[in-house]
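Report on the structure given below.
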Amino acid sequence: MIFDYPTFKIIWWLLVGVLLVGFAIMDGHDMGVGTLLPFVGRNDEERRVVINTVGPHWDGNQVWFITGGGAIFAAWPIVYATAFSGFYWAMLAVLWALFFRPVGFDYRSKIHNATWRSTWDWGLFIGGAVPPLIFGVAFGNLLQGVPFHFDDTLVPYYTGSFWGLLNPFALLAGVVSTAMITFHGAIYLAHRTEGDIQRRATTAALIFGVLMLVGFTAAGLWIANGSFGYAITSVLDTAALPNPLAKTVELQPGAWLANYDKAPLTMLVPALAYAGGLAALLLVWKGRTLAAFVASSFAIIGVIGTAGVSMFPFVMPSSTVPGASLTVWDAVSSHRTLGIMFWATVIFMPIIVAYTSWAYSVMAGKVTAAYIRENEHSAY
Amino acid sequence: MVSEQLVDLSRLQFAATAMYHFLFVPLTIGMVWMLVIMESVYVMTGKTIYKDMTRFWGKLFGINFALGVTTGITLEFQFGTNWAYYSHYVGDIFGAPLAIEGLMAFFLESTFIGLFFFGWDRLSRQQHLLVTILMAVGTNLSALWILIANGWMQNPVGSEFSYETMRMELTDFWAVVFNPVAQGKFVHTVSAGYVTGAMFVLSISAWYLLRGRDVEFAKRSFRIAAAFGFASICSVIVLGDESGYALGEAQQTKLAAMEAMWETEPAPASFNVIAVPNEAEMKNDFAIHIPWVMGLIGTRSLDKELPGLNQIYALNRERVKVGVEAVKLLEALRKSPQDAALREAFDRVKDDLGFGLLLKKYAASMDDVTPELIDRAARDTLPKVTPLFWTFRIMVALGFAMLALFGLALWYSIKGDFAQRPWLLRWALWFLPMPWISCEMGWFVAEYGRQPWTIYGVLPTHLSVSTLTVNSLYGSLAGFVGFYTLLLIVEMYLMVKFARQGPGSLGTGRYLNETHHAHA
C-alpha cells in the first residue's frame with residue numbers, strides 16, 4: 001500500500017471534498033441555469049436558448065453527483081448509511097426534484113404546446129433550485145450536530161424529524177448554498193448567451209453573488225458566537241481500526257474555529273470564498289464572463305472548503321450522543337478499500353476532466369435564437 | 001425492534017423501483033449498439049439514409065434514456081435511505097464497484113450522449129462515430145460494474161467478517177471483479193439488453209412495412225435488427241445456461257428452488273418441465289421430467305449430484321445451530337476484544353455467522369433460541385418454490401420463441417423477401433413486449449431467489465433495513481408510485497407519438513409525416 005492508514009483517511013477526506021466541489025461547480029452551473037430559467041427566459045424561444053446552453057452537458061455533469069454518492073458509500077459507508085437514512089425525507093425531496101431534470105430537458109421541446117412546455121420549465125426550476133437548497137440545509141444541520149446514535153452492533157438510529165432540519169441556522173446555510181449555485185449558473189449563462197438574456201443573467205449574477213457573500217459572512221458570525229461546535233476529548237489513535245463508539249466527544253461552543261488557530265494557513269480557505277466571490281462579481285460586471293466563471297468556481301471551493309475545514313475531523317457530529325459522532329478517523333472503509341478507490345480516482349479523474357473539457361470545447365460559443373431555429377427538431 | 005411490516009415495505013419499494021428502472025435499462029444497453037452499427041454503415045458507405053436511421057432510432061433511444069437516468073438515481077440513493085445497515089455492513093466491498101461504475105462508465109456514457117445528440121454539425125463523421133462508440137462502451141461498462149456489485153450479493157467472494165469493525169471487509173478485490181457469478185450475469189444481462197434493442201427496432205420496422213410506409217428505411221432497419229437480434233438471442237441462451245452452471249456451484253438453493261427439486265436424485269438429475277410444487281409438504285404434487293438434463297446443466301457431468309431442497313434444509317439446520325454459537329461468541333468478543341481464546345473460537349465458526357443472524361428475526365437474545373426456532377430459521381433459507389419455478393419457465397419459453405422469430409427474420413432477410421411475409425411482420429410486431437417480460441422475469445428469479453438474504457449466506461434481509469417508521473415507508477412508496485406512474489404515461493405517450501410519426505419527425509424532407517412548425 002502506497003500510504004499508511006492515517007494518510008489515506010486524510011486523502012479520502014480531501015477526495016470526498018474534491019468530488020463535492022466538482023459536483024457543485026459542474027452540476028451546480030446547470031442547476032443555477034435551471035433555477036433562473038423561468039425568470040431570464042421571457043418567451044419560448046428565449047427559454048430554449050437558456051436550456052440549450054446546458055443541453056449537451058447536464059447529463060455528464062449530473063454524474064458528479066452520482067459518483068460523489070458512490071464514493072461516500074465506498075469510502076465512508078457508515079456516513080452514507082446514517083446520513084441518507086436519517087435525512088430520509090430530505091433525501092427523497094432531492095431525489096424527486098432531480099426527477100424533473102432528465103425528463104424536463106429531453107421531453108420539453110418535443111411537443112408544441114405552451115402548457116406542456118411551461119410545466120417542464122417549472123420542473124427544471126424545481127430540479128435546479130431544490131437540491132442546492134436542501135444540501136445547504138443539510139450542511140447547516142451537520143455543523144450543529146444531528147440527533148443520532150448507534151446500538152452496539154452499529155445499527156444507526158435517527159431520532160429527529162424532517163421539520164427539525166428546518167431551523168434558522170440551517171435555513172441560512174440553505175440560502176448561502178442556493179445563492180452560490182445560482183450565482184455560478186448566472187455567470188455561466190451570461191457567458192453562453194447574448195443580448196437580453198445575457199443582460200438579465202448578469203443582473204442575476206450580481207444579486208446572487210452579493211447574497212452569497214452576505215449569507216456566508218452571517219453564517220460565519222453565527223458560528224463564532226453561536227452555541228455549537230464539537231471536540232474530541234479522548235486520546236486519538238488515527239491508525240486504529242474504525243470504531244465510532246471508541247471515543248469521547250463534547251459540545252464546545254466555538255470549537256469550529258479551533259482549526260484556524262491550530263493551523264493559521266487554513267484561513268486561506270474562507271479567504272478564497274471572499275476573493276473568488278468578489279473577483280467573480282467584478283469580472284461579470286465588466287463582461288469578462290469566462291474569467292468570472294473561473295472566479296466563482298474558486299468561490300465554491302472556498303465556501304464548501306470552509307465548512308469542511310471548520311468541522312475537521314468531524315464529518316457528522318451527533319447532538320444527542322456526541323461520542324457516536326462520525327469522523328474522518330473512525331467512519332472510513334478498510335485500508336485496502338481506501339487504497340483501491342484511491343487508484344481508481346487518481347486514474348479516472350484526469351481522463352474524465354479531459355473528455356469533459358473536449359465536450360465543452362466542441363459545443364463552445366454563444367447559443368442564439370438562430371441556432372434554435374436551425375435545429376428546430378433536434379435542439380432541446 | 002424492526003417490524004416485519006417495515007421489512008416487507010422496504011423490500012416492496014426496492015423491488016418496485018428496481019423493476020421499474022429495469023424497464024428502461026435493457027433497451028438502452030441494446031440500442032446503443034444498434035446505433036453504432038447503423039452509424040458505422042453510414043460512415044463506410046456515406047449513404048444519408050443510414051444517418052437518418054441513426055438519428056431517428058437515436059431519438060427514440062433518447063426518450064427511453066431520460067427515464068433510465070431518472071430512475072437510476074433512485075437506486076443509488078436507496079441503499080442509504082432504506083438499507084442503512086446493509087450499507088454499513090457491506091459498504092467496504094459493495095460501495096467500490098458502484099463508485100468505480102461512476103468514474104469509469106457513467107461519466108463516459110453521459111458525457112458522450114450529449115455530443116451524440118448535439119454534435120452532428122460540429123464533428124467530422126469519424127469523430128461522431130467515435131462519440132457513439134464511446135457512449136456504447138460506457139453504457140456496457142456501467143452494466144459490468146453494477147453486475148459485479150450484484151454478483152457479490154449472490155456469491156460473496158473476496159471478503160471476510162471483521163468483529164472489530166462489525167462489518168464485512170474486502171480481502172481480494174480481483175476476486176470480487178472476476179467473480180464467476182458476476183461475469184456470467186454480465187454477459188447474460190447485456191445480451192438480453194441487445195435482444196431488447198433488436199426487438200424494438202424489428203417490431204416498429206415491421207409495423208411500417210405492414211402499413212407500406214417509409215419502406216426503404218424500415219427494410220434496412222429490419223435487416224440490421226434481425227441479424228443483431230439473432231446473434232444476441234443465441235448468446236442469451238448459451239450464456240444463460242452458463243449462468244445455470246455457475247449457480248450450480250455457488251447458489252444451489254436457488255437452483256433447486258427454480259427447478260422444484262425437493263429430493264437429491266442420483267446423478268445425473270432429471271429436469272422438471274412442468275411441476276405443481278407443494279410448499280407445505282416440501283414435494284411436488286405433479287411433475288413431468290426429462291431424465292439427465294438437469295444434471296448436465298447444473299454440473300456439466302454425469303456423476304456429480306445436485307442437492308435437493310430437503311437435503312439443503314437439513315444442512316442449513318446444522319449451520320443455523322453453529323450460527324447461534326457464532327453470534328454468542330461475537331457478542332462476547334465485542335465486550336472483550338483482546339481475548340485470544342474467544343477470537344480463536346469465533347474464527348472457527350464465523351462462516352456460519354449469517355445463519356445465526358437469521359434467528360434475530362425471532363429471538364431478541366440467542367439464549368431464547370429453541371429447536372423450533374432453529375427449524376423455522378432453516379426453513380426460511382429456502383425461497384418459495386412456485387413463483388421461482390414459473391417465472392423462470394416463462395423467461396425460458398419466451399427466449400426460445402424469440403430465437404425462432406429472429407431465426408426466421410434473419411433467414412428471410414437473407415432471402416430478401418421478408419417484406420412480403422405479413423405473418424412474419426405481424427409476429428415481430430406482437431412480440432414487442434416479450435423481451436421486457438423476460439428481462440423482468442429474469443430479474444425476479446435472480447433477486448427473489450436470493451431471499452432470505454441480501455448477501456447470500458452472510459446478511460439476512462431482515463437485518464439490512466433502515467430503522468425508519470412504517471409511515472415513512474407508506475409515504476415514500478406512495479410518492480414513488482405517483483411519480484413513476486406519471487412518468488410512464490408521459491414516456492409512453494412520446495414514444496408512441498414519435499414511433500407513429502416515424503423518420504418524418506427528423507424534419508429532413510425525405511419521409512412521410514413531415515412536420516413543419518411556423519417559427520415564432
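Where a number appears in this text, it was derived from the coordinates with a stated rule and is not lab data. On a predicted model such as this, the values are computed, not experimentally measured, just so you know. Here the Cβ positions follow ideal geometry from the backbone for every residue, glycine too, while neighbour counts run over all protein chains shown.
Tabulated data for the structure shown
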read-out	value
Rounded to whole Å, sorted largest first: equivalent-ellipsoid semi-axes of region B:324-449, Cα gyration tensor	56, 16, 9
Hz values of 3J(HN,Hα) by residue in region B:7-19 - Karplus curve (6.51, -1.76, 1.60), Gly and Pro given as x	5, 4, 5, 4, 5, 4, 5, 5, 4, 5, 6, 6, 5
Whole-Hz ³J(HN,Hα) from phi, Karplus 6.51 cos²θ - 1.76 cosθ + 1.60, for region B:320-336, glycine and proline x	4, 4, 5, x, 4, 4, 4, 5, 4, 5, 4, 4, 5, 5, 5, 7, 10
Inter-site label distance for A:L241 and A:W163 at 7 Å from Cα along Cβ, in nm	4.4 nm
Between region B:60-128 and region B:295-338, the alpha-carbon center distance in angstrom	37 Å
Computed magnitude of the charge dipole of chain B (debye, nearest 20; Cβ of K, R +1, Cβ of D, E -1)	2180 debye
Rounded Å value of the spacing that divides the Cα centres of region A:167-217 and region B:428-472	43 Å
Lys/Arg +1, Asp/Glu -1 at C-beta; the protein assembly as shown dipole; positive extreme among A:L236, A:H191, A:T368	A:T368
Selected from A:H112, A:G32, A:H57, residue furthest toward positive end of dipole (region A:1-123; charges at beta carbon)	A:H112
Neighbour-count ranking [beta-carbon atoms within 10 angstrom, fewest first] of A:I181, A:I372	A:I372, A:I181
For chain A, built as a Gaussian network whose Cα springs stay under 10 Å, the top-fluctuating residue of A:D152, A:D30, A:D121	A:D152
Ascending count of other beta-carbon atoms within 10 Å, so fewest first, for B:R213, B:R55, A:R199	A:R199, B:R213, B:R55
Segments A:48-56, A:77-85, B:275-283 sorted - mean Cβ within 10 Å per residue, highest first	A:77-85, A:48-56, B:275-283
Per-bin percent of Cα-Cα distances, chain B [10 Å]	4, 17, 26, 24, 16, 9, 4, 1, 0
Per-residue mean of C-beta atoms belonging to partner chains within 10 Å, peptide B:483-489	2
Calculated from backbone phi, Karplus (6.51, -1.76, 1.60) coupling profile of region A:192-206 in Hz, x at Gly/Pro	9, 10, 9, x, 4, 4, 4, 5, 5, 5, 5, 4, 4, 4, 5
Computed helical MRE - 222 nm, the protein assembly as shown, DSSP H runs ≥ 4 contributing -39500 (n - 2.57), nearest 500	-23500 deg cm²/dmol
Cα-based shape type of region A:291-336, given that a ≥ b ≥ c are square roots of the gyration tensor eigenvalues and the cut on a/c is 1.5	oblate
Estimated D of region A:5-374 in µm² per second, where Rh is the Kirkwood radius over Cα pairs and Stokes-Einstein applies at 20 °C, 1.002 mPa s	101 µm²/s
Residue-averaged beta-carbon neighbours from other chains (10 angstrom radius) around A:241-248	2
Whole-angstrom Cα spans of the protein assembly as shown along principal axes, big to small	85, 81, 47
Cβ-based exposure ranking for B:S235, B:S301, B:S205, in which fewest neighbours within 10 Å come first	B:S301, B:S235, B:S205
Cut-off under 5 Å, modelled amide H: who pairs with A:V315 long-range	A:L326, A:T327, A:V328
Extension gain (nm, one decimal) between A:D151 and A:L265, 0.36 nm per residue minus Cα-Cα	37.1 nm
Size of charge dipole - region B:309-380 - debye, nearest 20, with Cβ of Lys, Arg +1 and Asp, Glu -1, no other charges	160 debye
Between 0 and 90°, nearest 10: helix B:25-45 axis offset from chain B longest Cα axis	40 degrees
Whole-number D in µm²/s for region A:324-377 (Stokes-Einstein; Kirkwood sum over Cα pairs; 4 °C, 1.567 mPa s)	84 µm²/s
Nearest-20 debye value, the protein assembly as shown charge dipole, Cβ charges on Lys, Arg, Asp, Glu	2900 debye
Separation in nanometres of the label points that stand 7 Å from Cα toward Cβ, at A:I111 and A:T7	5.8 nm
Long pairs among B:K51/B:K497; B:K185/B:K335; B:K335/B:K360; A:K9/B:K185; A:K262/B:K335, criterion Cα-Cα beyond 31 Å	B:K185/B:K335; A:K9/B:K185; A:K262/B:K335
Shielding by partners, peptide B:155-168 (average Cβ within 10 angstrom, other chains)	3
Acute angle (nearest 10 degrees) that the helix A:88-107 long axis makes with the longest principal axis of chain A, alpha-carbon atoms	20 degrees
Cβ-based net charge around A:T153, under 11 Å, with every Lys or Arg adding one and every Asp or Glu removing one	0
When region B:275-398 is reduced to its Cα atoms, the Kirkwood hydrodynamic radius in Å	17.2 Å
For region B:309-380, the spread of Cα positions along each principal axis, largest first, Å	40, 23, 14
Dipole of region B:367-520, positive direction: furthest Cα of B:V458, B:G399, B:L425, with charges on the beta-carbon	B:L425
Nearest 10 degrees, 0 to 90: helix B:84-100 Cα axis against chain B principal axis	40 degrees
Dimensions (Å) - region A:36-155, Cα atoms, principal axes, largest first	59, 24, 20
